[in-house]
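First up is the structure itself, then whatever we jot down about it.
Bear in mind that the values in this text are calculations on the coordinates, not laboratory data. Note that this is a predicted model, so its numbers are computed, not measured. Here the Cβ positions follow ideal geometry from the backbone for every residue, glycine too, while neighbour counts run over all protein chains shown.
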Amino acid sequence: MSGNLVNALTLQVLTGMQLGAVYALIALGLTLIFGTLGVVNFAHGALYLIAAYLAVFISTELGFFAAVFIVPALLFMVGWGLERGLIKSFYSRPHTDQILVTFGLALVTEEGLKWAFGSNNIPFPLPQWGTGIVKLQEYLPFLDGFVAFPKWRLVMILVALTVISLLFVLLKFTRFGLVIRAGMRDSGMLRFLGVNISQRFAVVFGMGALIAGVAGVFGGPITQVSPDVGMHLLVPSFLVVVIGGMGSLGGALLSSLILGMALSFTAEYSAVQQIIVYLVAVIVLLVRPRGLFGKQGVFE
Amino acid sequence: MNTAHAIKESKASAQAFFSMRDVHAYYGESYIVQGVSFEVQESEIVALLGRNGAGKTSTLRAIARAPQPRVTQGEIRLDNTALHTLAPHLAARAGVQLVPEDRRVIPGISVEENLIVAQVAKPLGWNLERIYEHFPRLAERRKQDAATLSGGEQQMLAVARAMARDIKLLLLDEPYEGLAPKIVQEIESIVAQIKTLGITTIIVEQNAIAALKLADKAVILDMGQIVFTGNAQDVLDDRKLRDRYLAI
């Protein structure tokens, strides 16, 4: 393999991982909420949007690191409040009602932001330490010559990996995680065992929003900050969830990586790139109608 | 003894340990439990019998405060706590423990994790050590996914999970259903052990003879209403009664 090809492939893979990282963070929240609460949360893109706007203002006033801590915490509260105040009343209603109310919320948020800040993109300057490029050849000896990758995009990948690992540890190795995993399978039985699972599920909704908050802070500078970004991200993220299998966290991760790669490797052919996400969805769903790791009986 | 205490005492003694009074419940539009009233004394075992669709499982689910059937009228009390106003997790914390018909062991997590999940909310019953002492088969399979257990083992786990909680009233729904005769014997001996512990129990079972041999009292339901309340032995002795309501 020639050096140029290796260089190009490495860049494509990294770009794919970065694109996948943003989708993964949004899809993780979506699938976590769907898997535990059975709610298809079309307002999840709006949560990202709120986070990105908050991040711009907080980082301008208080610095980027303040935004890193404050925005996800605020989003957790927004998510928790949303679940307790509104979504809770929709559990026993059909999925279509849930979609309507969350989609409505998304539209209200989008239009509200448009009304308050206009429809144009608000510049989200990178913090000083995140600007510039990384010379990949210094870290990856198999690369040939000068190969540069934007530093912020690497940060995005690292942030996504960190969030995914933390979530994995929380769900797999803590008692809270065990209760949530058990609740995903049979919340009614947990209630018979004295567990107030609804309270814990509200925390899960908050966590989904918190992850969207992290995505908004770190993804904002990449995806831009404008009212339509939420919806632009929601559709592919939702496809990620469907391709991965409704409610499967592992499936969501794998399919966000697949979609990121598909987008990255078709970047030179813009006509193909525009439809590739849907093409992958069609192919996967033709072969596996429940998605990659979908379980029987979920959303059927 | 002060007066207030004396009044409380006399009130408690007048009330049964567990009671249902004129309970009505619906599954959607279907009127399933039609004014059921009965009492259970502490440490008693009651067999709740009747044909398919008589409302036995619905009665148990109403006691455990399951979202379905919906209780529209009546009172359910356990040890002076009004259950009929409580959410299911609070009913469980008040001491009601349902071992459901389909066992409902939680798949995707291990046998031990199924037991741990039962010990998240207080009050707690047996610890893991004691559970494994009584259910050695579960100790062998502790790391195994609960979904991979055989039917009998799942039933053991469902009962063990109940014992992991501090129980005032155990509700056993069809514990022998779908099990091979040899396994039924095993579960029977576990239930007999529970009896020696003096745990107040209501057992619903298609295999009425097995339930009656175990029980002190019998309550027979027909079309959502109680048609007989009395000693378990009386039902065993009364062929006509059994033919009419139980078809055995």
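Here the Gaussian network model covers chain A, with springs between Cα atoms less than 10 Å apart; of A:Leu239, A:Leu136, A:Leu257, A:Leu136 fluctuates the most.
Relative to a virtual label point 7 Å from the Cα of A:Phe57 in the Cα→beta-carbon direction, which members of the stretch A:114-130 show backbone nitrogen distances below 17 Å? Residues A:114-125 qualify, since their backbone N sits under 17 Å from the label point.
A crude spin-label estimate for the pair A:Phe117 and A:Ser89, with each label 7 Å from Cα along the Cβ direction, gives 2.9 nm.
Once you reduce the stretch B:169-196 and the stretch A:60-139 to the center of their Cα atoms, the two points are 53 Å from each other.
Tell me the Kirkwood hydrodynamic radius of the protein assembly as shown in angstroms, computed as one over the mean inverse distance between distinct C-alpha pairs.
Answer for the protein assembly as shown: a Kirkwood hydrodynamic radius of 26.6 Å.
Would you please give the residues with an amide H less than 5 Å from that of B:Leu98, counting only those at least 5 places away or on a separate chain, with H modeled from the backbone geometry? Excluding prolines and chain starts, which carry no amide H, the hits are B:Leu171.
So if each residue of separation counts as 0.36 nm, and I subtract the Cα-Cα distance between A:Leu161 and A:Val108, what length gain in nm does that give?
15.9 nm
Stick to the Cα atoms of the stretch A:148-231, pair each with every other, and give me the Kirkwood hydrodynamic radius in Å at one decimal.
This gives a value of 15.0 Å.
FRET efficiency for the A:Tyr269 to B:Asp102 pair, using the beta carbon distance and R₀ = 56 Å, is estimated at 0.60.
From the C-alpha gyration tensor of the stretch B:100-226, pull out the three semi-axes of the equivalent ellipsoid (sqrt of 5λ each), sorted largest to smallest, in whole Å. Result for the stretch B:100-226: semi-axes of 25, 16, 14 Å. Residues A:Met77, A:Met156, A:Met231, arranged from fewest to most other Cβ atoms within 10 angstrom of their Cβ, appear as A:Met77, A:Met231, A:Met156.
Phi angles of the stretch B:214-226 translate, via the Karplus equation with coefficients 6.51, -1.76, 1.60 and θ = phi - 60°, into HN-Hα couplings of 7, 8, 8, 10, 10, 10, 10, 9, 9, 6, x, 10, 7 Hz per residue; Gly and Pro are given as x. With K and R counted +1 and D and E -1, the other residues having a Cβ less than 14 Å from that of A:Thr31 yield a net charge of +3. Here the Karplus curve 6.51 cos²θ - 1.76 cosθ + 1.60, taken at θ = phi - 60°, turns the phi angles of the stretch A:65-80 into couplings of 5, 4, 4, 4, 8, 6, 4, x, 5, 4, 5, 4, 5, 4, x, 4 Hz, with x standing for Gly and Pro.
Going by Cα centres, the stretch B:17-71 and the stretch A:1-37 are how many Å apart? Each part reduced to its Cα centre gives a spacing of 54 Å.
An ellipsoid equivalent to the stretch A:3-227, defined through the eigenvalues of its Cα gyration tensor, has semi-axes of 34, 23, 15 Å when rounded to whole angstrom and sorted largest first. Per the Debye calculation on the stretch A:92-141 with a single equal scatterer at every Cα and no solvent contribution, log₁₀ I(q)/I(0) for q = 0.17, 0.20, 0.26 Å⁻¹ amounts to -0.72, -0.80, -0.97. Could you give the Stokes-Einstein D for the stretch A:172-300 in µm² per second, using the C-alpha Kirkwood radius, 25 °C, 0.890 mPa s? Approximately 147 µm²/s, per Stokes-Einstein. Rounded to the nearest 20 debye, the dipole magnitude of the stretch A:1-131 is 160 debye, with +1 charges on Lys and Arg beta carbons, -1 on Asp and Glu beta carbons, and the Cα centre as origin. Centroid-to-centroid, using Cα positions, the stretch B:120-167 and the stretch A:221-300 are 41 Å apart. Testing the spin-label approximation: label points 7 Å from Cα along Cα→Cβ at B:Thr85 and A:Ile99. State their distance in nm. Using points 7 Å along Cα→Cβ, the separation is 4.2 nm. Counting every other Cβ atom within 10 Å of each residue's Cβ, A:Leu107, B:Leu246, B:Leu98 order from fewest to most as A:Leu107, B:Leu246, B:Leu98.
If you wrap the Cα atoms of the stretch A:82-168 in a convex hull and average its projected area over all directions, you get 10.6 nm². Quotient of the Cα radius of gyration of chain B and 2.2 N^0.38 Å, N being its number of residues: 1.01. For the stretch B:154-162, backbone phi angles converted through the Karplus equation (6.51, -1.76, 1.60; θ = phi - 60°) give residue-by-residue couplings of 5, 5, 4, 4, 4, 6, 4, 4, 5 Hz, Gly and Pro being listed as x.
Between A:Val13, A:Val225, A:Val214, the GNM of chain A built on Cα springs shorter than 10 angstrom shows A:Val13 fluctuating the most.
Cβ-Cβ distance of B:Val227 and B:Glu129, R₀ of 30 Å, FRET efficiency by 1/(1 + (r/R0)^6): the value works out to about 0.10.
Normalising the average separation of contacting C-alpha pairs (under 8 angstrom, six or more residues apart) by the number of residues puts the relative contact order of the stretch B:17-243 at 28 percent. In this simple spin-label model, placing a label point 7 Å from the Cα along the Cα-to-Cβ direction at both B:Asp22 and B:Gln73 gives a separation of 0.7 nm. In the protein assembly as shown, the calculated helix contribution to ellipticity at 222 nm averages -18500 deg cm²/dmol per residue, counting -39,500 (n - 2.57) for every DSSP H run with n ≥ 4. For the stretch A:56-147, chymotrypsin sites (Phe, Trp or Tyr not before Pro) are listed when DSSP marks them as loop and at most 16 other Cβ atoms sit within 10 Å of their Cβ; the list is A:Tyr91, A:Tyr139, A:Phe142, A:Phe146.
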